[in-house]
Amino acid sequence: MSTENDPANTTQDTPPPAEGSSATQPAIVPRGIRVVRLRLKGVDRDYEVDLRDADANLRSLSVIAGAFSTGKSSVLEFVAYCLGGKDHPQHPEILRKVRSALLEVQLNGQPHVIERAVGEPSVAAFVRIGRLGAIETPPLDKKMIKPAGAPDSLSSFLLSYCGLEGVELREAPTQAESGTDPLSIRDLLWLSYMPNERLDDKHLLFESSPMKRLKLGQVVDVVFGVHDDKAVELGRRIRELETRLAKARADYATTQTFLDEQEFGTRIEVELVRSDAQRAAEHAARALDDLDSQIRATSTFAVDLRARHKDASRQAQQAATLVRDRETQVRRLVPLRAQYAADITKLTMLAEARMLFDPLQVKVCPACLTTLCDAPHIADGHCTLCSSGVTVHAVQTSKASTSVNGTAPSTDGLETEAKFDVSSELRATKARLAEITTFVEELESDLGRLRVEAEQANHVEAGLAREVDAATNDAVSPYLSQRDDLMRQQQAAAASVDRAKTAIRMLDSLDRRGATVTRLEANVAALRAEMNEAAIQPDRNDVIHRISERYVAILTSWRYPKLDQAFIDGRLVPHMRGMSYTNASSGGRTLISLAWVLAIFQIAWETGSAHPGFLMIDSPQKNLGQGGDRDAEFADSIAVTDFYQHLHTWLAGPGHGAQIIVVDNAPPTTADADIVVRYSRREDQPPYGLIDDEVS
């Protein structure tokens, strides 16, 4: 689609620089999206890649150089992630060190910052107007990642600056009743980001995924405005954007009404109120400091009294501590003393019970009740009571029973009764009870004395406190009312500052809504102008022909060997020597892929089409540089400098205002002025890599 009448895509008339230079063009107002800075916020520190020159102007060509495995490709992956990509780099050092990624971009020349979380699922991005490092930042605007077609999504927000907001792609382009999917910023990145793995792959156009292959062709058609049913699509987009515009205007009017009711005033008035309140708060703080100094100077004569009061207070605290310690010990020992007394009672009763109740010993004849002279026992295998013979088993049983009953066999083989004696345990328990009782009595006696001392110490401390108050009252009293007035002034100033900050946040919210209204109005106007010109929309075959010619011209400037029958067909498939690019060698596929994406990018830029305006390329020397994987067919004919010379020439001429970012292991010396950072992978030559403190 043509965007020549789109206000968001206009540029200032600025003469191009000298040919062969990629110097920054500060006067141009870039259309679309430009990448300015990437900042990774870490746990302990931040890591940053700045694409501006020494004068803080954005470079047209930026080269990120250095050894492999240093994080060069991760820079481009983080840029794509902040622009709505699905995943961020998953390297261990990144997951350990980084918590969020912030990308400063220019959207139609206006600086914005996009922030996304790292290390956890990110379902939303946060966008604000301004630059990285700004002291005062406006509130963040939350943009959802999915669904991509939602009005409040990050994709819709970014696509609006490319003139592609609200575009729907048919799932089956040949069927009129086909369902549609919204165009996503991820789809558009297929034409703005060429990752390493796609350069020499045989799936440049996603041939292995038919749906992505179909969608890529639709994306190219939409960017150049040559898709079918363009007028119907434009009408639908205009109606959808008008609905969003009406809602945005209503939100703006509601916010404006609320601010008018609060009577905050204009932004200038609020800023003046905040400045005055901040100055008043600072003045009150300084006055309080001066007053405190005067109070301290006036009351220096009471230093000795304060020291004495401090000593008395410390002594009172120590006395109170001793009282608490003794009381705690008494509380713990009294129950223990009672327990020992109970044990003595039990042992005494046990001893008396032994004397009162005989433990089943036979002392009386069971027949005549005559008292026996000797206790019955077993002698020579017979019972002395009944004269019956006793077997060995019966003897053992009798012995066991006698043992259980407290008796033991005599030295001559007879069982005798053992004595049950608890007197030793009773004596030990009484001794312990006496010790505890004595200690408790000593504690209680000491406790009374300590309580008296604590009370006296508290009395002395209170008396010294009154002396200090009496001595300093006359000197300090004149300042107290003045200090209270200053405190009230400081609190009032702080309240005014808070109210002004709240008003500024509300005004920022109003400005954001106003910017949304302005953006939607510009997009609707551009779409209406485009609809008026739909009758003379460019022919698709003509666009493909121009892209094909540029593809051949680029390969010619790179001195591609045996260049013959090179073209791009109607399905966007690049050909070389009359065959599909998939038949070329690995080095040939690298150059063909580079020429293909550069041809689309350059023609889109030169025709004012709806391309974001930037292109990221990862490892253009893949299979072409030094090393064992170099393609022998291109060893003598391909000069890497030709690639950079082509970029310099185009950016200084027809590509003036566009942006190209290249990641390269070893760029030629002709690109030294374009290198923004070079990673060494050596500790003695910083920076080591993107995460430059991970050097192990």
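The values are calculated or read from the model by the stated rules, or taken from the named source; none is laboratory data. Being a predicted model, the structure only gives us computed values, none of them experimental. Cβ: placed from backbone, ideal geometry, glycine included. Neighbour counts: every protein chain shown. Just the protein is used for accessible areas: all its heavy atoms, side chains included, with ligands, DNA and RNA removed. Shrake-Rupley method; radii C 1.70, N 1.55, O 1.52, S 1.80 Å.
Quick notes
- Residue check for R31: modelled with pLDDT of 90 or more and basic (K, R): no
- Filter pass, E261 being free of Cβ contacts under 8 Å to residues at least 24 places away in the same chain and more than 15 Å from G514 (Cβ to Cβ): yes
- Considering residues of segment 662-696 that are of a type outside the set (K, R) and in a strand (DSSP E or B) only, the residue surrounded by the most Cβ atoms within 10 Å (Cβ to Cβ): V662
- Count of segment 39-69 residues, restricted to those that are touching a residue at least 12 places away in the same chain (Cβ under 8 Å), outside any strand (DSSP E or B) and either within 17 Å of V113 (Cβ to Cβ) or open to solvent by less than 10 Å² (accessible area, probe 1.4 Å) (or both), is 1.
- Complete set of residues in segment 133-163 that are modelled with pLDDT of 90 or more, within 30 Å of N57 (Cβ to Cβ) and surrounded by fewer than 22 Cβ atoms within 10 Å (Cβ to Cβ): K143
- Of all residues in segment 671-695, those that are in contact (Cβ under 8 Å) with a residue 60 or more places away in the chain and closer than 20 Å to R45 by Cα have Cβ atoms under 8 Å from Cβ atoms of residues that are open to solvent by 80 Å² or more (accessible area, probe 1.4 Å) and of a type in the set (F, W, Y), 6 or more apart or on another chain, in R681/F68.
- Residue in segment 342-357 that is at pLDDT 85 or above, touching a Ser or Thr at 6+ places or on another chain (Cβ under 6 Å), under 25 Å from R432 (Cα atoms) and not hydrophobic (A, V, I, L, M, F, W, C) present: yes
- Residues considered: V440, V404, V422, V395. Of these, the only one that is of a type in the set (A, V, I, L, M, F, W, C) and at pLDDT 85 or above is V440.
- Among residues of segment 83-124, those that are part of a strand (DSSP E or B) and not β-branched (V, I, T), counted: 15
- Residue match in segment 572-589 (condition: charged (D, E, K, R) and not in a loop (DSSP other than H, G, I, E, B)): yes
- Inter-residue pairs, beta-carbon under 7 Å, first among the small types (G, A, S) and in segment 496-520, second open to solvent by 20 Å² or more (accessible area, probe 1.4 Å), 6+ apart: S496/V273; A500/V273; A500/R274; A503/F264; S509/P139; S509/T255; G514/Y252
- Condition check for E168: more than 30 Å from N665 (Cα to Cα) and either surrounded by fewer than 17 Cβ atoms within 10 Å (Cβ to Cβ) or touching a residue at least 60 places away in the same chain (Cβ under 8 Å) (or both): yes
- A count restricted to segment 643-661 and to residues that are in contact with a helix residue (DSSP H, G or I) (Cβ under 6 Å, 6 or more places away or on another chain) and surrounded by fewer than 21 Cβ atoms within 10 Å (Cβ to Cβ) stands at 2.
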